[in-house]
Amino acid sequence: EKGGYDYFMLKEIAEQPKAVADTLLGRVDASGVLSLDEVRIDDTVLREATKVVIVACGTAFHAGMIAKYAIEHWTRIPCEVELASEFRYRDPILDPRTLVVAISQSGETMDTLMAVRHAREQGAKVLAVCNTNGSTIPRESDAVLYTHAGPEVAVASTKAFLTQLVACYLLALYLGQVRGTQWGDEIRAVVRELAGVGSQVEQVLGTMEPVRELARSLADKDTVLFLGRHVGYPVALEGALKLKELAYMHAEGFAAGELKHGPIALIEEGVPVVVVVPSPRGRSVLHGKIVSNIQEIRARGARTIVIAEEGDEAVVPYADHIVRIPRTPTLLQPLVSSVPLQVFACELATARGNEVDQPRNLAKSVTVE
Ligand code: F6R
């Protein structure tokens, strides 16, 4: 059952290191080479694809947004990501060289299923990324890359999300591997890093008490905003979605670069703003920009909650609260940065007296359009 936890969600958050490791199992070898034989998609299809289109809903859509950064970076194949509910109604351009990737934990989400059917009718190849063996979406797809999160009971997705990310990284890296892009060395290095990510998630989970305490202190706030850049942007959206569905609070995620195009008007004294900070190593331009964003909002009264890598000292002067995450390659950061946001939302929901595993108005699997 709940294995000693008060809620399934807490249990599932705690299971993430194992879920991540299980999803990598048998797919990665020590020398950094990937094999996805069980997916049964012909490498020729992957080699000849001219475009990748990702379709998904909700949390799975956020995993897809992150996948886009990884796929385009490591493969140079153009990648679009679209809400499944919008996809087929806009007459999307698809052909046999389009690889459609449908991400779904349950494998039963009607919007995503309809997008899969539409894509196949147009002749595209469909690869499902799914957590539920034998469910409808994988059955109706050409191939399936299973995530091995185990059953997810809580309505709010946590461990399935992390494993969707792992599966998407594997797919991106595998596409890079079979297509032999310029990033061969980087791909092998990242594959090796992926193997250690489970223990980094474990490390994050061990440091969550201050996050819980902070969440409790915000229980009577009306609004929480989330900012991120690059892969931190979908993480910000996911953090906001978790808070909406669990804490029933007004929560919004923004790309930090959009602040001055409107959202900064929302900043007033005491508004909590969670900022997901990219690594100061790697894409350092992004880091500098987000540090000035934090500075800007704090000058306008925001209470800044900064999620930053260990050793990132540049954020310290502008952070009211700092949540430290381990160092990871830039593209993999969502695997560690989204964990504190799950804990944050879960604790806020509890503090507000909400039913964590069964939020109002929501169902675990949405089988109507
Ligand atoms: C949010 C959440 C939902 C699902 C969405 C897609 O925590 O769980 O947003 O991610 O309904 O569900 P699946 O992945 O089953 O297609």
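Against the numbered list (1) within 16 Å of the ligand (Cβ to nearest atom); (2) under 30 Å from residue 188 (Cβ atoms); (3) surrounded by fewer than 21 Cβ atoms within 10 Å (Cβ to Cβ), residue 102 comes up short only at (3). Scanning the range 41-68 for residues that are more than 16 Å from the ligand (Cβ to nearest atom) and either farther than 19 Å from residue 142 by Cβ or assigned to a loop (DSSP other than H, G, I, E, B) (or both) gives 41, 42, 49, 50, 68. Within the range 105-125, the only residue that satisfies the criterion of being away from the ligand (no atom under 16 Å from the Cβ) and either on the phi > 0 side of the Ramachandran plot or aromatic (Phe, Trp, Tyr) (or both) is 123.
Every residue, every condition in (1) over 22 Å from residue 27 (Cα atoms); (2) without any contact (Cβ under 8 Å) to a residue 40 or more places away in the chain, yes or no:
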| position | (1), (2) |
| --- | --- |
| 97 | yes, no |
| 109 | yes, no |
| 113 | yes, yes |
| 116 | yes, no |
| 123 | yes, yes |
| 126 | no, yes |
| 130 | no, yes |
| 143 | no, no |
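Across the range 126-136, the qualifying residues are those that are surrounded by 24 or more Cβ atoms within 10 Å (Cβ to Cβ) and β-branched (Val, Ile, Thr), and the one among them that is nearest to the ligand (Cβ to nearest atom) is 129. Would you check which residues across the range 63-99 are of a type in the set (Ser, Thr, Tyr) and either buried (at least 24 other Cβ atoms within 10 Å of the Cβ) or more than 23 Å from residue 235 (Cβ to Cβ) (or both) and list them? Listed by number, the residues that qualify are 75, 89, 98. Among the helices (runs of 4 or more DSSP H) lying completely within the range 183-260, list those that include at least 1 residues that are free of Cβ contacts under 8 Å to residues at least 12 places away in the same chain. Because the criterion is at least 1 residues that are free of Cβ contacts under 8 Å to residues at least 12 places away in the same chain, the helices (runs of 4 or more DSSP H) in the range 183-260 that meet it are 184-195, 209-217, 232-247. As a summary of the residue check, residue 139 satisfies the conditions (1) in a helix (DSSP H, G or I); (2) more than 13 Å from the ligand (Cβ to nearest atom); (3) in contact with a helix residue (DSSP H, G or I) (Cβ under 8 Å, 6 or more places away or on another chain) except for the one numbered (3).
Test residue 56 against the stated conditions and say whether it is crowded, with 22+ Cβ neighbours inside 10 Å, under 23 Å from the mean Cα position of the chain (by Cα) and under 28 Å from residue 91 (Cα atoms). It is true that residue 56 is crowded, with 22+ Cβ neighbours inside 10 Å, under 23 Å from the mean Cα position of the chain (by Cα) and under 28 Å from residue 91 (Cα atoms).
I'd like to check something: does the range 220-236 contain any residue that is closer than 19 Å to residue 276 by Cα, within 14 Å of the ligand (Cβ to nearest atom) and at pLDDT 95 or above?
Step one: filter the range 220-236 for residues closer than 19 Å to residue 276 by Cα, giving 223-236.
Then drop every residue that is not within 14 Å of the ligand (Cβ to nearest atom), which leaves 234-235.
Among the residues that remain, those that are also at pLDDT 95 or above are: 234-235.
Scanning the range 220-236, I find at least one residue that is closer than 19 Å to residue 276 by Cα, within 14 Å of the ligand (Cβ to nearest atom) and at pLDDT 95 or above, so the answer is yes.
Yes or no, residue by residue, for (1) within 16 Å of the ligand (Cβ to nearest atom); (2) small (Gly, Ala, Ser):
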{"position": "151", "(1), (2)": "yes, no"}
{"position": "156", "(1), (2)": "yes, yes"}
{"position": "163", "(1), (2)": "yes, no"}
{"position": "169", "(1), (2)": "no, no"}
{"position": "178", "(1), (2)": "no, no"}
{"position": "182", "(1), (2)": "no, no"}
{"position": "185", "(1), (2)": "no, no"}
{"position": "190", "(1), (2)": "no, no"}
{"position": "197", "(1), (2)": "no, no"}
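Restricting 291, 339, 275 to residues that are β-branched (Val, Ile, Thr), over 30 Å from residue 112 (Cβ atoms), under 18 Å from the mean Cα position of the chain (by Cα) and not in a loop (DSSP other than H, G, I, E, B) narrows the list to 275. For the range 317-336, the set of residues classified as part of a loop (DSSP other than H, G, I, E, B) and either within 14 Å of the ligand (Cβ to nearest atom) or over 23 Å from residue 272 (Cβ atoms) (or both) consists of 326, 327, 328, 329, listed by residue number.
Out of curiosity, is residue 269 of a type in the set (D, E, K, R) and either crowded, with 24+ Cβ neighbours inside 10 Å or under 18 Å from the mean Cα position of the chain (by Cα) (or both)?
Details: of a type in the set (D, E, K, R): yes; either crowded, with 24+ Cβ neighbours inside 10 Å or under 18 Å from the mean Cα position of the chain (by Cα) (or both): no.
No.
Residue 123 meets each of the listed conditions (1) buried (at least 20 other Cβ atoms within 10 Å of the Cβ); (2) more than 21 Å from the chain's Cα centre (by Cα) apart from (1).
With the structure loaded, tell me whether residue 76 is more than 16 Å from the ligand (Cβ to nearest atom) and either aromatic (Phe, Trp, Tyr) or in contact with an Asp or Glu (Cβ under 9 Å, 6 or more places away or on another chain) (or both) or whether it fails that test.
When the stated conditions are applied, residue 76 does not pass them.
Among the residues making up the range 343-369, those that are in a loop (DSSP other than H, G, I, E, B) and of a type in the set (D, E, K, R) are 352, 355, 357, 360, 364, 369.
The values are calculated or read from the model by the stated rules, or taken from the named source; none is laboratory data. If you're wondering where the values come from, they're calculated on a predicted model, not measured in any experiment. A quick note on method: Cβ atoms are made from the backbone with ideal geometry, for glycine too, and the neighbour counts reach across all protein chains shown.
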